[in-house]
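Contents: one structure, followed by commentary.
The values are calculated or read from the model by the stated rules, or taken from the named source; none is laboratory data. What you see is a predicted model; the values in this text were computed from it and never measured. Here the Cβ positions follow ideal geometry from the backbone for every residue, glycine too, while neighbour counts run over all protein chains shown.
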Amino acid sequence: MQEMLPGFFGYFFMNHFLPYLQITITTPEQQEAYQNILDFWDNVKIRIPLFMRLGSYLMYRLPKPDVKQAAAQMEEQLRLYTSPSEEEYRKLRDKTRQNVKMKNSLFYKYHPVFISQRHFMKRLQDCGYNDIFIPNMIRLSPAYQKYHDALMQINERICNDLGLYYDSDYNLVMKKEKAD
């Protein structure tokens, strides 16, 4: 992963998934999933847009948390997603509402940095990240499956509460309110 996504992005991806990869493969299904992940990263060609490469260069130079610290952050995220208090859920929901409004603003839609970010996300989608890599991570790692399921549940709950949906380009969009 880190070699296929140079700089900060490789570091980010590796540290995001590293806590879930600290397992022993015990089943043929896990072995197949692991091989599919290796094949995916061996064959994928992801070009990172210039604006993102420049920003990532600066971020890559900043001090980085160690593996134990990253694992602790993942555990806290999992706890938050699986059993948030009402206050924590309200904060997540409000932050999501705020982020959707920001991402739908003219500034966000037309700023070169954000355009680059959307192109990168589209490239990830087009190369099979969501169709090959993520499903195989779920098959490989029970801990990642638990995290992914918790993330999908909280995402669905927030989307239902706020009237959000994903468009054909995986952009989160707020449903239009009906006029009386």
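Tell me whether the stretch 68-76 contains one or more residues that are surrounded by fewer than 16 Cβ atoms within 10 Å (Cβ to Cβ), at pLDDT 80 or above and either within 29 Å of Y165 (Cβ to Cβ) or in contact with a strand residue (DSSP E or B) (Cβ under 6 Å, 6 or more places away or on another chain) (or both). Yes, that holds for at least one residue. Annotation: of all residues in the stretch 14-66 being among the aliphatic types (A, V, I, L, M), modelled with pLDDT of 90 or more and touching a helix residue (DSSP H, G or I) at 6+ places or on another chain (Cβ under 9 Å), the one that is nearest to A143 (Cα to Cα) is I23. Being modelled with pLDDT under 80 and either in contact with a Phe, Trp or Tyr (Cβ under 7 Å, 6 or more places away or on another chain) or surrounded by 15 or more Cβ atoms within 10 Å (Cβ to Cβ) (or both): is that true of Y11 here? Taking the combined requirement at face value, the residue satisfies it. In the stretch 79-96, which residues are out of contact with any Asp or Glu (no Cβ under 7 Å at 6 or more places or on another chain) and buried (at least 16 other Cβ atoms within 10 Å of the Cβ)? Of everything in the stretch 79-96, those that are out of contact with any Asp or Glu (no Cβ under 7 Å at 6 or more places or on another chain) and buried (at least 16 other Cβ atoms within 10 Å of the Cβ) turn out to be Y81, P84, Y89, L92, T96.
Within the stretch 139-156, the residues that satisfy the criterion of being touching a residue at least 12 places away in the same chain (Cβ under 8 Å) and part of a helix (DSSP H, G or I) are R139, L140, P142, A143, Y144, K146, Y147, H148, A150, L151, Q153, I154.
Looking only at residues in the stretch 107-156 that are surrounded by 14 or more Cβ atoms within 10 Å (Cβ to Cβ) and among the hydroxyl-bearing types (S, T, Y), the one that is modelled with the highest pLDDT is S141. Among residues belonging to the stretch 90-143 that are of a type in the set (S, T, N, Q) and more than 14 Å from the chain's Cα centre (by Cα), point out the one that is nearest to L80 (Cα to Cα). Top of the filtered list is T96.
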